[in-house]
Amino acid sequence: MTTRLNTRGDAMHAYSNPAEVQQWAATQWLIEYVEDNNDNNDASWSDWSGPDHIIRTYEPAVGEATGKLTSFDPDGHEESLRRITIGDRGREVLAACIRGQEHGELMSQWSLKIEEASASPSP
């Protein structure tokens, strides 16, 4: 197996699939955004109707030049933005949060799976 250092090249995900790492990071960013929203508006996770409600509300995106996560707003940013698609695993984590589960363990498990996949031989 040939491994390559990914774009961010840091920590346990240094050799992991960059798209998977980006989805993981965007899901973590969404969780933090929802928690801030909930704190600021005296709301709770159960106020969200589902993962798509969260994703549509905050539209995760990444700055092309900086790699910084943000909400998609092409008119409100100086740099080009690219939307991030949240896949099944991210949606499962968000749905679990809405059901009242703690996100820390779910995100840790996902992170470990990403790392393990990068260490596995390719078929």
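If you stretched the chain out fully between E78 and L112, how much longer would it get, using 0.36 nm times the residue separation minus the C-alpha to C-alpha distance?
Details: separation 34, 0.36 × 34 = 12.24 nm, distance 3.48 nm.
Extending this stretch completely gives an extra 8.8 nm.
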| Orientation-averaged projected area, Cα convex hull of the stretch 40-123 (nm²) | 7.7 nm²
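May I ask you to give the solvent-accessible area per residue for the stretch 52-123, in square angstrom, as obtained with a 1.4 angstrom probe? Working shown, then result.
Working: 4470 Å² over 72 residues.
Each residue of the stretch 52-123 exposes 62 Å² on average to a 1.4 Å probe.
The values are calculated or read from the model by the stated rules, or taken from the named source; none is laboratory data. This one's a predicted model, so the numbers in the text were calculated from it and none came from an experiment. Surface accessibility is based on the protein's heavy atoms, side chains included, excluding ligands, DNA and RNA. Shrake-Rupley method; radii C 1.70, N 1.55, O 1.52, S 1.80 Å.
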